[in-house]
1. What is the distance in Å between the Cα centroid of region 80-127 and that of region 207-231?
2. Using only Cα atoms, tell me the angle between helix 127-140 and the longest principal axis of the chain; keep it within 0 to 90° and round to the nearest 10.
3. If the chain between residue 107 and residue 140 were fully stretched, how many nm would it gain, using 0.36 nm times the residue separation less the Cα-Cα distance?
4. Report, ordered by chain and residue number, the lysines lying within cross-link reach of residue 191, taken as a straight Cα distance under 25 Å and ignoring same-chain residues fewer than 8 apart.
5. Once fully extended, how much extra length lies between residue 223 and residue 194, figured as 0.36 nm per residue of separation less the alpha-carbon to alpha-carbon distance?
6. Using a Gaussian network for the chain with springs between C-alpha atoms less than 10 Å apart, which of these wobbles most: 25, 61, 102?
7. Go from 0 up to the bin containing the longest alpha carbon distance in region 12-233, width 10 Å each, and give me the % of pairs per bin.
8. Amide H of residue 14: which non-local residues (sequence gap of 5 or more, or other chain) have their own amide H closer than 5 Å, using H built in the peptide plane?
Amino acid sequence: MNDVQAPRGATTVVQLAGLTRSFEQGGVRIDVLKGADLKVRAGEIVALLGPSGSGKSTLLQAVGLLEGGFGGQILIDGTEAAKLDDEGRTALRRDSIGFVYQFHHLLPDFTARENVILPQLVAGRAAADADARAAELLTVLGLGARLDHRPSQLSGGEQQRVAVARALANKPALVLADEPTGNLDESTADKVLAQFVELVRGQGSAALVATHNERLAAAMDRVVRLVEGKLVEG
Ligand code: ADP
Ligand code: MG
C-alpha cells in the first residue's frame, strides 16, 4: 500500500488508500473491503454502485467516520482520520461532512425546520441565521408549507427531503448519502435525487452517493463500483 500524502490545496475532499474492513460472524470471517482506493475532488458528485451486500454502507460508514475497525487510510479534507482523537473526529464530521441515510433518521419530536436548524446550532451558527437557512433550504425542496410538520406528519419523500436539507445545512465539503431514495417509489425517488444533485452542485459540495440504481447513477459526475471489495471506475 502506498502512503497517502495530504493533498495540496483543497482539490481533494476524500482520499481512500487500501481501505479494508472485515467482520467476524459466528466464527466466520468476511472480508468486505479488500483495499478500496478512491479520490473525490471538491464539488464532484460520485455514484457508488454495487449490489446489495457489496459493502456500500460499510464504506460510507468508514468515510463518514461513524465506525472504527478499518485498515488503510482515510483522508478527509487532507486530514488523516486515524490520527485524530474522538474529539477531532467529531469536529471533522461536524464541520466537513453531511450524511443522508436510507431511512431519514430525523428526530421525531422536532419539526422539519428544527431538524434542519439543530446541526447548524451545533456548528455554532446564530439561531436567526440557522432558522433562515432552514426555511430557505426546505422551501427550495418544496416544503415551504411543511416547515412545522413533524416527521410522522410527512410522506416518505418529504421526510427524505428534510434529511437532505439537514445534511446540506452547514454546506459541508462532503455529503455522503446511503441509498437516500432507496425507500421511495420510482418517480418520487427520481425527483428527490434530482433535487439533491442540484442543491449539492449549487453549493459546491462534493458527494458520494450509494445506489444500486444505474439510471440514477448516470445523472452524476462519475461512477465507481464496488467489485470484490475494491473500487473500480466506470
Ligand atoms: P451494502 O450496503 O452494499 O448492501 P453492507 O456494507 O451493508 O453492504 O454489507 C456488506 C457485507 O458486510 C454484508 O455481507 C454484511 O452482511 C456484512 N456486514 C455489514 N455490517 C456488518 C456487521 N456489523 N457485522 C457483521 N457483518 C456485517
Ligand atoms: Mg447498504
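1. Cα centroid of region 80-127 versus Cα centroid of region 207-231: 24 Å apart.
2. Helix 127-140 and the main axis of the chain meet at about 90 degrees.
3. Working: separation 33, 0.36 × 33 = 11.88 nm, distance 2.11 nm.
9.8 nm is the gain from fully extending residue 107 to residue 140.
4. Counting by Cα, and skipping residues close in sequence, residue 191 has these lysines nearby: 56, 171.
5. Numbers: separation 29, 0.36 × 29 = 10.44 nm, distance 1.61 nm.
That pair, residue 223 and residue 194, stretches by 8.8 nm at full extension.
6. Fluctuation is largest for 25.
7. Bins of 10 Å from zero give 8, 34, 36, 19, 3, 0 percent of pairs.
8. 40, 77
Here, each number is a calculation from the coordinates, and none is a lab measurement. In this text the structure is predicted, and so the values were computed from the model without any measurement. Because the Cβ atoms are built from the backbone with ideal geometry, glycine has one as well, and the counts that use them run over all protein chains shown.
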